[in-house]
1. Calculated FRET efficiency, Ala170 and Thr42, Cβ-Cβ r, R0 41 Å, to nearest 0.05?
2. What shape does region 1-46 take by its C-alpha gyration tensor, where a ≥ b ≥ c are the square roots of the eigenvalues and a/c under 1.5 counts as rounded, a/b above b/c as prolate, and the rest as oblate?
3. Taking the Cα atoms of region 1-78, what is the range of coordinates along each of the three principal axes, in descending order and whole Å?
4. Amide H to amide H, which residues 5 or more places from Met16 or on other chains are under 5 Å from it, using H placed in the peptide plane?
5. Calculate, for Trp158 and Asp70, the FRET efficiency according to 1/(1 + (r/R0)^6) with r their C-beta to C-beta distance and R0 30 Å; round to the nearest 0.05.
6. Between Thr82 and Leu121, what is the spin-label point distance in nm, taking each point 7 Å from the Cα along the Cα→C-beta axis?
7. Relative contact order for region 41-80: what percent, with Cα pairs under 8 Å and sequence separation of 6 or more?
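What follows draws every value from the coordinates through simple rules; no lab data is involved. Quantities reported herein were computed from a predicted structural model and do not represent experimental measurements. Ideal geometry is used to build each Cβ from the backbone, glycine not excepted, and the neighbour counts take in all protein chains shown.
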Amino acid sequence: MSIRQGLLALLAEAPMYGYQLRSEFEARTGGTWPLNIGQVYTTLARLERDDLVAPAGATDDGNERWALTDDGRAELTSWWATPVSRDAPARDELATLAAVGASPQVRLRVAGAQAGVVSVLGVLLGVLAGAVLGAVVVLMNRFPALGFDPTWVIVVPWAQLSALVVGVPALAIAAGYAFTRSWLPMVRRVGQ
C-alpha cells in the first residue's frame, strides 16, 4: 500500500479535508505509519493532477474537502482487485484493506480472488505435468522396442479432468470466502 492508495481508500468513504485524512490514515494504520501534513497535500495535488480526486467544497470552518472522481473509484477498485505479485516483498493485503477501512464485502472479494488465482495456477500446472507424463507414456507405447506392450489402450478421462479444472478453483474461491476473517465488521476508532 502507498499513501496514494490509502488516501483514495479513505476518500471512498466520504469527502475529507487534509488534516482529517492524515488523522484517519494514522489511526487506521495503528500509528505505525505517521504522516506529515505536507505528504498529504502533496499526494492530494498529484491525485487531483491525475483526475482521481476533485475539490468537494469547504467545511463550515473553511477547510477544503476532497472527493473521489469516477476515475479515482476505478483506480481504487482496480487496486483492491489486483492480486499481490509474489515478486514484490510480502504484504498482508487483507490487513491493509482493513486498516484503511475497506468494507467487509471488498475484503471477502479480495480473499476469494486471491484464492482463485492461486488455485487456477496450481490446476494448470498440475494438468501440464500430467500432460507431459501422458505424452511420455504415449511415445513409449508407440515404440515397442522400449519394452512396452503396443496393445495398451490409453484412455484420457476428459470428464474428470474438466471437473478438476473447474472444481478445484471454485472450491478454493469458496474456501477463501468461507474462512477469511474479513467478514467481521471494522470498528472505526476515529471520527465517531
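1. Values: r = 45 Å, r/R0 = 1.09.
According to the calculation, E is roughly 0.40.
2. Numbers: a/c = 1.37, a/b = 1.13, b/c = 1.21.
Rounded, since a/c falls under 1.5.
3. Principal-axis extents of the Cα atoms in region 1-78, largest first: 34, 30, 20 Å.
4. Amide H to amide H, under 5 Å and 5 or more residues apart or across chains, Met16 pairs with Trp66.
5. On the way: r = 45 Å, r/R0 = 1.51.
The formula returns an efficiency of 0.10 here.
6. In this crude label model, Thr82 to Leu121 measures out at 1.6 nm.
7. Rounded, it is 32 percent for region 41-80.
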